[in-house]
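The values are calculated or read from the model by the stated rules, or taken from the named source; none is laboratory data. Bear in mind that the values here come from a model prediction, so they are computed numbers and not experimental data. Quick reminder, even Gly has a Cβ in these numbers, built from the backbone with ideal geometry, and neighbours come from all protein chains shown. Keep in mind that these areas ignore ligands, DNA and RNA; they rest on the heavy atoms of the full protein, side chains included. Shrake-Rupley method; radii C 1.70, N 1.55, O 1.52, S 1.80 Å.
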Amino acid sequence: MDQLPIWLTIENRDVLVVGGGGMAVAKARIAAIAGANVTFVAPSIGSEAKGLIAAGTALHVAREFLPQDIEGQALVFAATGIEPVDAAVAAAANRANVPVNAPDRPNLSEFIMPAIVDRGPVVVGISTGGSAPALARKIRGQIDSILPARLGDLAHLANDFRAAVKAKIPRGLARLRFWDALFGGPVAEAVLAGDERAAQRHFLRSLNAEDAQSDPVGSVHVVGAGPGDPDLLTLRALRLIQAADVVVFDRLVSAEILDYARRDATRIDVGKAPGNHTMDQDQINRVLVTQAKAGKRVVRLKGGDPFVFGRGGEEVDYLHNNGIETNVVPGITAALACAAAAGIPLTHRKSASAVTFLTGHTSTDGDADHDWGSLAKSGHTLAVYMGVGAAGSIAERLIKHGMHPATPVAIIENGTRTNQRVVGGRLDELATVISAHGIGNP
């Protein structure tokens, strides 16, 4: 480690920025966000710097830098981009023992400005010691993409209740365990979901449970796992999977997605294939309630979106009726993902003004009984879920009700996954094409 990472309080302290261009503005802006009194010293400044001054977050001294400008400053930025000038500023700061930073000039800098991910008051800084700023920015982008947007709200909530927790739980280790559990439980989930009232309710319940030693209250998140490609998970889905105590998953959830779960998390396979159900729906419902009532954080992972032919609505109703707190996290449904992966637009100005999602079978695994006449004449793209077994019947009924036999069809197997297959043909050949290519589920 070449530098010591520290966080410096500069609120209401003076910070000098020598220069008035883009580099100077970048440093002035971040210092102003941290509450500093910022002053530009430069003969002239650009429009961005003028904007900061107009907003009341900075001042401008319109002249060349003088060594006495360093006096009383908490920090100095030598940001003219002109090496002799920046070197003179750095030398003056060194003589006055004031920390100085010269952007992109580590040899002139006493401190390095990191790439910053700001979820105030949670702040992450990434530094390469000035050797590779572009790499630091790349790492910042990766971290930024996985940290929840409301993470700062969680820190604020914890700070608001800090005194109450200290009074209620005076022992250091017990208090540490309380916070560890809190940041991974329903309080954190509610804050990150934007539900402040629920967060406060859970917080008080957790705090009171410390004295009463009452049983913990679990929750269930019904989470759409998307079509199978782990890169298509939502950020919230990923976070919940990683925090879950129990993961209850369908057959359509890929092994790569399950790998995101904690190693100590319980995994319960409730997958259902046509004619082969590991558990029926009533059993699945009971498993979810049992695990939640045991105080577990349960993630119910469902392929695609849980509310599109996923029976998610039935599960949510059952959980609510049994007093279990439940949230739904949407996922990318199969029709959207498969069409995109296959390069097929679901709507097109010249050929399809809308798209209709329909299932290929009923709840009893028989052929679905749709309004085939309307579907055949709708002019919509028809996206058929679970249609392999009933493909011949679907084609026959659509043709019988007026759809042209030569209407193009695409059969997409394992859409978005590494083993995706896309097979094309005509509507009147649908069953034959499926059979000839050995198409299977999903």
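Quick look at the numbers
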read-out: The stretch 226-286, relative contact order [Cα under 8 Å, separation at least 6], %; value: 30 percent
read-out: Accessible carbon and sulfur surface of the chain relative to its total accessible area, %, 1.4 Å; value: 52 percent
read-out: Against the rule of thumb 2.2 N^0.38 Å, how large the Cα Rg of the stretch 28-83 comes out; value: 1.09
read-out: Cross-link partners of Lys272 among lysines (Cα-Cα below 17 Å; sequence separation of 8 or more within a chain); value: Lys302
read-out: Sum of -39500 (n - 2.57) over DSSP H runs of 4+, divided by residues of the chain (222 nm, nearest 500); value: -11000 deg cm²/dmol
read-out: Most mobile of Glu429, Glu110, Glu315 in a GNM of the chain (Cα contacts under 10 Å); value: Glu110
read-out: Extent along principal axes [Cα atoms of the stretch 56-111; Å; largest to smallest]; value: 32, 22, 20
read-out: Per residue accessible area of the stretch 356-442, 1.4 Å probe, in Å²; value: 53 Å²
read-out: Mean Cα-pair separation over length for the stretch 239-386, i.e. relative contact order, pairs under 8 Å, 6 or more apart, %; value: 18 percent
read-out: Normalised per residue, the volume of the convex hull around the Cα set of the chain (Å³); value: 213 Å³
read-out: Loop sites in the stretch 310-404: trypsin sites (Lys or Arg not before Pro), DSSP, at most 15 other Cβ within 10 Å; value: Arg349, Lys350
read-out: Nearest-10 value in Å² for the accessible area of Asp280, using the 1.4 Å probe; value: 70 Å²
read-out: GNM top mover of Val165, Val246, Val15 - the chain, alpha-carbon springs below 10 Å; value: Val15
read-out: Amide H partners (placed H, <5 Å) of Gly387, local residues excluded; value: Gly360
read-out: List Met23, Met1, Met403, ordered by accessible area with a 1.4 Å probe, largest first; value: Met1, Met23, Met403
read-out: Environment charge at Ala410 (Cβ cut-off 14 Å; Lys +1, Arg +1, Asp -1, Glu -1); value: 0
read-out: Hull volume in cubic angstrom per residue (convex hull over the Cα atoms of the stretch 293-442); value: 140 Å³
read-out: Per-residue SASA entry for His404, accessible area with 1.4 Å probe, Å² rounded to 10; value: 120 Å²
read-out: Volume per residue that the Cα convex hull of the stretch 135-188 spans, once the total is divided by residue count, Å³; value: 103 Å³
read-out: Among beta bridges that DSSP assigns inside the chain, antiparallel share in %, nearest 5; value: 30 percent
